[in-house]
Amino acid sequence: MKDLMRIKCLLSQEVETLLNQQVKKEAQSSSLYLSMASWCNQNGFDGSADYFMLQAEEERTHQLKLFKYLLDMGANAISPEITNVKTEFAGFRDIFEEALEQEIAITQSFKNIVGKCHKEMDFVTIEFLNWFLKEQREEEYKARRALELFEVIGEEGTGRWQIDKNVGKITYSEI
Ligand SMILES: [Fe+2]
Ligand SMILES: [Fe+2]
């Protein structure tokens, strides 16, 4: 089969690499959240299991959005290999702490890419990435609110049961 070479990729090699790394990070997030959903389900936290299933689906959407952008820009989009997905968690609260840490790390990762794009004056990619910066504002908010339920409700007695029932009700609105 004849190789169809792209005439020109519209991204620098560095930005292309960073975006491919981000594709992988979103896939890793998605896999991590699926693991969390499984743990929650097996430990009787059905509401949280549903919450993490939804998060996993969102991360998959993010992965595809980045992947499609790479393709649209004539770059080599790489389907990532995801290994060593965590399956053991110390406890219910630990899962939400880790979920928040994950979102903070992802926000930082996007900031690094946008910083690089600014240096290169890649305004097209900056415009594309603005959607993700806004999305991270929402993702971090929800992860923080979820963790705060442990402080507000407390884990004693029926606390965990109540936390589990309320996790899915967290919503974010700009106004
Ligand atoms: Fe994401
Ligand atoms: Fe996320």
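Pairing each residue of segment 41-55 that is under 15 Å from residue 96 (Cβ atoms) and hydroxyl-bearing (Ser, Thr, Tyr) with any residue that is at pLDDT 95 or above and open to solvent by 30 Å² or more (accessible area, probe 1.4 Å), provided the two are 6+ apart or on different chains, yields C-beta distances under 7 Å for 51/168. Restricting the first residue to segment 59-81 and requiring it to be within 17 Å of residue 28 (Cβ to Cβ), which pairs with a second residue that is polar (S, T, N, Q) meet a Cβ separation below 6 Å and a spacing of at least six or different chains? Listed pairs, sorted by first residue: 59/29; 59/30; 60/30; 66/22; 78/20.
Scanning segment 45-60 for residues that are within 16 Å of ligand 2 (Cβ to nearest atom) and in contact with a helix residue (DSSP H, G or I) (Cβ under 7 Å, 6 or more places away or on another chain) turns up 48, 51, 52, 53, 55, 56, 59, 60. Going by the conditions given, is residue 86 away from ligand 2 (no atom under 15 Å from the Cβ), among the basic types (Lys, Arg) and farther than 21 Å from residue 17 by Cβ? Yes, satisfied.
Criterion applied to 108, 42, 63 was being within 16 Å of ligand 2 (Cβ to nearest atom), at pLDDT 95 or above and under 30 Å from residue 155 (Cβ atoms), and the one residue passing it is 108. One residue stands out among those in segment 143-158 that are touching a helix residue (DSSP H, G or I) at 6+ places or on another chain (Cβ under 8 Å) and free of Cβ contacts under 8 Å to residues at least 60 places away in the same chain: the one that is farthest from residue 99 (Cα to Cα), which is 153. Looking at 64, 71, which one is under 18 Å from the mean Cα position of the chain (by Cα) and among the aliphatic types (A, V, I, L, M)? Result of the check over 64, 71: 64. Scanning segment 55-86 for residues that are of a type in the set (S, T, N, Q) and open to solvent by 90 Å² or more (accessible area, probe 1.4 Å) yields 76, 79, 84.
So, residue 127, is that one assigned to a helix (DSSP H, G or I) and either among the charged types (D, E, K, R) or in contact with a Lys or Arg (Cβ under 8 Å, 6 or more places away or on another chain) (or both) or not? Spelling it out, residue 127 is indeed assigned to a helix (DSSP H, G or I) and either among the charged types (D, E, K, R) or in contact with a Lys or Arg (Cβ under 8 Å, 6 or more places away or on another chain) (or both). Exactly one residue among 110, 123, 128, 89 is touching a residue at least 60 places away in the same chain (Cβ under 8 Å) and of a type outside the set (D, E, K, R), and that residue is 110. What are the residues in segment 36-54 that are open to solvent by less than 50 Å² (accessible area, probe 1.4 Å) and within 16 Å of ligand 1 (Cβ to nearest atom), if any? Listed by number, the residues that qualify are 36, 37, 51, 52. Step by step: first the residues of segment 148-164, then only those that are surrounded by fewer than 18 Cβ atoms within 10 Å (Cβ to Cβ) and under 23 Å from the mean Cα position of the chain (by Cα), then the one that is farthest from ligand 1 (Cβ to nearest atom). Which residue is that? Restricting to residues being surrounded by fewer than 18 Cβ atoms within 10 Å (Cβ to Cβ) and under 23 Å from the mean Cα position of the chain (by Cα), the top hit is 150.
Of everything listed in (1) among the β-branched types (Val, Ile, Thr); (2) more than 30 Å from residue 10 (Cβ to Cβ); (3) within 16 Å of the chain's Cα centre (by Cα), the single unmet condition for residue 87 is (3). Is it the case that residue 26 is modelled with pLDDT of 95 or more and within 14 Å of ligand 1 (Cβ to nearest atom)? Taking the combined requirement at face value, the residue satisfies it.
The values are calculated or read from the model by the stated rules, or taken from the named source; none is laboratory data. Computed from a predicted structure; not experimentally measured. Cβ coordinates were reconstructed from backbone atoms using ideal geometry, including for glycine residues, and neighbour counts include every protein chain displayed. Each accessible area value is taken on the protein alone, full model and side chains, heavy atoms only, with ligands, DNA and RNA left out. Shrake-Rupley method; radii C 1.70, N 1.55, O 1.52, S 1.80 Å.
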